[in-house]
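These notes concern the structure reproduced below.
Please treat every number below as a calculation from the coordinates, not as lab data. Being a predicted model, the structure only gives us computed values, none of them experimental. Please note: Cβ atoms are built from the backbone with ideal geometry, for glycine as well, and neighbour counts cover all protein chains shown.
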Amino acid sequence: METIISACISAAVTLLVCLISNHGQQEKTRALMEYKLNELTKRVDKHNNTIERTYHLEEQMALQEEKMKVANHRISDLEGKVE
């Protein structure tokens, strides 16, 4: 009878230690996953900002190219009238 009681107490203590250990590991894992997710979110935001800036620069470049074409056309017209 004493052996059964001793085995039950040992099993209960072992179960309690396992539960505490698992809870601690879950907290660490959750904290690590949250940290990684936050870092990934920062990198995605930075990437999206770069894409937006690139798109804006491409629009400005197209506008400047159009202005240069108009200016060159005007210069060509003026040169043709002078001659």
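Would you confirm, using the coordinates I've provided, whether residue 34 is in a helix (DSSP H, G or I) and surrounded by 10 or more Cβ atoms within 10 Å (Cβ to Cβ)?
On the way: in a helix (DSSP H, G or I): yes; surrounded by 10 or more Cβ atoms within 10 Å (Cβ to Cβ): yes.
Yes: the conditions hold for residue 34.
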- Exclusive hit being aliphatic (A, V, I, L, M) and surrounded by 10 or more Cβ atoms within 10 Å (Cβ to Cβ), set 5, 9: 9
- Are there any pairs, at least 6 apart or on different chains, whose C-beta atoms fall under 9 Å, with the first in region 47-70 and loosely packed, with under 10 Cβ neighbours inside 10 Å and the second among the polar types (S, T, N, Q), and if so, which? none
- Message: When you scan region 59-82, do you find a residue that is under 16 Å from the mean Cα position of the chain (by Cα) and assigned to a helix (DSSP H, G or I), even just one?
- Response: no
